[in-house]
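Heads up, the thing below is written out as structure tokens.
The values are calculated or read from the model by the stated rules, or taken from the named source; none is laboratory data. Given the structure is predicted, the values throughout are model-derived calculations rather than measurements. So basically every Cβ, Gly included, is an ideal-geometry build from the backbone, and we count neighbours across all protein chains shown.
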Amino acid sequence: MTTPAAWLNRFRALPPRLCWALLGLTLGALCYYTLTELGAGASSLLGPDATGMAWWAAGGALLGSTRLRLVPPVVAFLTGGLLLLVAQTPLIEAPARSLVRRDSLPKQPVSVIVVLSGAVTSSGLLQVSAADRLLQGLLLLRAGVAPRLVVSRVERDGPGGIRVDSDRDQARFFRLLTPEPRVNVLTTTSSTRQEAEQVASLARGEGWGAVVVVTSPLHSRRACAAFEAVGLTIICYPCLDREYGLERMTPGERIYAFRDWMYETAGWYAYRRRGWV
């Protein structure tokens, strides 16, 4: 049986350049995984899933075989340090809470409750944040905050290239209320800006006044500003978030919050640059 010491001796016997290349390959893959955990997986710099990891591993191996051999260890140290800083300290907690906007609910009913869209799984089920939003909208509807609901239809490619959508799962939620609510469905939205434009168009046609906008807590500041930018009078009311708490976070919850904070911060500046907030 080959012992770990024997494997280490074999590794030491390899040419130094090959050893550095193997180290760079390992650290490149590790950096990709760490950055993905921190929420950078959607970046074109990282690339998608296994393909992205393969490119980062190959890049690390290439750097390791050149005079830039110290780059992979330095990058791995920095990314690993950032992950530990985010997870093990309250660094992200205040910035995350600063993105939450919660307005007081009106004493009199408003025209409509708008529930912003979220992702669906490959089997057409609402993902957690989307379900949280819709559940909050239904609770407000049952409380008499408004007589009507507006939701968005979400589509995606499922297994075998079959298109799946959110219709069936949203209908399950609607049946929780008796009688079922009156619902307007937005069908061609791919961004919060498009949802805001379509709701504004509906509001002009239907003569709606103020609307309640329901979304996830960290999305609330940007989303509600986008609705106000198209001329709507809104009450911003974020849902409960069942992925992490905002008052006392565990290390894993801080990482989730950091991901959302990075995404929403980038989204805010992108919207502001386009004049959408």
**Request:** Just give me the residues in the range 149-183 being over 25 Å from the mean Cα position of the chain (by Cα) and either under 15 Å from residue 126 (Cα atoms) or surrounded by fewer than 18 Cβ atoms within 10 Å (Cβ to Cβ) (or both), in sequence order.
**Result:** 160, 175, 176, 177, 178, 179, 180, 182, 183
**Request:** Filter the range 115-144 for residues that are crowded, with 20+ Cβ neighbours inside 10 Å and over 17 Å from residue 167 (Cα atoms) and give the result.
**Result:** 136, 140, 141
**Request:** Find the residue count for the range 244-273, including only residues that are assigned to a loop (DSSP other than H, G, I, E, B), surrounded by fewer than 15 Cβ atoms within 10 Å (Cβ to Cβ) and in contact (Cβ under 8 Å) with a residue 40 or more places away in the chain.
**Result:** 0
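Residue 272 - would you say it is closer than 30 Å to residue 109 by Cα, charged (D, E, K, R) and either over 12 Å from the mean Cα position of the chain (by Cα) or not assigned by TED's automatic domain parsing to the domain that holds residue 198 (or both)? Show your work before the answer.
Numbers: closer than 30 Å to residue 109 by Cα: no; charged (D, E, K, R): yes; either over 12 Å from the mean Cα position of the chain (by Cα) or not assigned by TED's automatic domain parsing to the domain that holds residue 198 (or both): yes.
Criteria not met by residue 272.
One line per residue, one yes/no per condition, for (1) over 17 Å from residue 105 (Cα atoms); (2) assigned by TED's automatic domain parsing to the domain that holds residue 191; (3) of a type in the set (S, T, N, Q):
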{"position": "211", "(1), (2), (3)": "no, yes, no"}
{"position": "216", "(1), (2), (3)": "no, yes, yes"}
{"position": "222", "(1), (2), (3)": "yes, yes, no"}
{"position": "226", "(1), (2), (3)": "yes, yes, no"}
{"position": "234", "(1), (2), (3)": "no, yes, no"}
{"position": "237", "(1), (2), (3)": "no, yes, no"}
{"position": "241", "(1), (2), (3)": "yes, yes, no"}
{"position": "250", "(1), (2), (3)": "yes, yes, yes"}
**Item:** Output for the range 65-103, where each listed residue is closer than 12 Å to residue 258 by Cα and among the small types (Gly, Ala, Ser)
**Value:** 87, 94, 96
**Message:** Just to be sure I understand the filter: pairs with C-beta atoms under 7 Å, separated by 6 or more residues or on different chains, first member in the range 175-202 and in contact (Cβ under 8 Å) with a residue 40 or more places away in the chain, second member small (Gly, Ala, Ser) and part of a loop (DSSP other than H, G, I, E, B). Which pairs pass?
**Reply:** 189/117; 195/117
**Message:** For the list (1) assigned to a loop (DSSP other than H, G, I, E, B); (2) more than 27 Å from the chain's Cα centre (by Cα), I need the number of the one condition that residue 190 fails.
**Reply:** (2)
